[in-house]
Amino acid sequence: MVAGAFPIAKLLYLGVRQLSRPLAARIKAGARASPFFRAYVCGPPAQLYHWVEMRTKMRIMGFRGATIKPLNEEAAAELGAELLGEAIVFGVGGLCIFLEYARQASNTRRKEEEQSSTLLGLQEQVAELGLAVETLDTQLREVNRLLLDLSTSAKK
């Protein structure tokens with residue numbers, strides 16, 4: 001049952017992820033060409049990434065007070081565009097994982113509801129059978145009592 005749905009969902013998610021790569025490449029190309037994207041979208045994250053990376057490397061090497069030069073505009077735009085593209089691919093991958101988790105949770109919840117309803121139905125049947133057994137037991141006692149009365153009245 002799971003084997004039939006598994007490849008289709010996985011193939012769909014793989015297709016979405018593969019389509020996100022060219023989309024990310026187009027966005028990167030647009031970001032490199034647009035002055036607004038270069039200055040406000042690609043530049044600041046690239047400068048921050050460069051600053052954190054260089055500061056970490058300097059601390060690892062033992063240089064505590066070294067100043068870090070910012071990237072030039074072209075390098076910042078390139079690095080920012082790469083970061084943006086990777087963020088898009090990562091976001092699409094994360095979305096695919098979330099959707100798969102939600103699908104699995106939905107399937108699990110549905111199965112648990114089915115099991116719960118089946119269990120409730122079985123409990124109702126057991127209760128009905130218990131009542132039927134009690135009724136038959138009462139009737140059997142009544143028949144036994146009548147037989148005992150007949151046997152005692154026949155002896156007299």
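Key figures for this structure:
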item: Of all residues in the stretch 65-87 being of a type outside the set (D, E, K, R) and under 25 Å from the mean Cα position of the chain (by Cα), the one that is surrounded by the fewest Cβ atoms within 10 Å (Cβ to Cβ); result: ALA87
item: Any hit, the stretch 88-96, residues being open to solvent by less than 70 Å² (accessible area, probe 1.4 Å) and either farther than 30 Å from VAL41 by Cβ or not in a helix (DSSP H, G or I) (or both); result: no
item: Conditions (1) outside any helix (DSSP H, G or I); (2) touching a Ser or Thr at 6+ places or on another chain (Cβ under 9 Å): number failed by THR67; result: (2)
item: Of residues in the stretch 39-64 being part of a helix (DSSP H, G or I) and charged (D, E, K, R), the one farthest from VAL92 (Cα to Cα); result: ARG59
item: Total residues in the stretch 48-72, condition under 25 Å from ALA24 (Cα atoms) and touching a helix residue (DSSP H, G or I) at 6+ places or on another chain (Cβ under 7 Å); result: 3
item: The stretch 1-38, residues that are open to solvent by less than 90 Å² (accessible area, probe 1.4 Å), outside any helix (DSSP H, G or I) and modelled with pLDDT under 75; result: none
item: Close pairs (7 angstrom Cβ cut-off, 6 or more residues apart or separate chains): more than 19 Å from ARG21 (Cα to Cα) in the stretch 92-115, surrounded by 11 or more Cβ atoms within 10 Å (Cβ to Cβ) and of a type outside the set (A, V, I, L, M, F, W, C) anywhere; result: GLU100/TYR13
item: Residues (more than 60 Å from the chain's Cα centre (by Cα) and not small (Gly, Ala, Ser)) located in the stretch 114-153; result: GLU142, VAL143, ASN144, ARG145, LEU146, LEU147, LEU148, ASP149, LEU150, THR152
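The values are calculated or read from the model by the stated rules, or taken from the named source; none is laboratory data. Here the structure is a predicted model, which means the values were calculated and not measured. Cβ sites come from the backbone with ideal geometry, for glycine too, and all protein chains shown count toward neighbours. Protein only, heavy atoms only, side chains kept; ligands, DNA and RNA dropped before computing areas. Shrake-Rupley method; radii C 1.70, N 1.55, O 1.52, S 1.80 Å.
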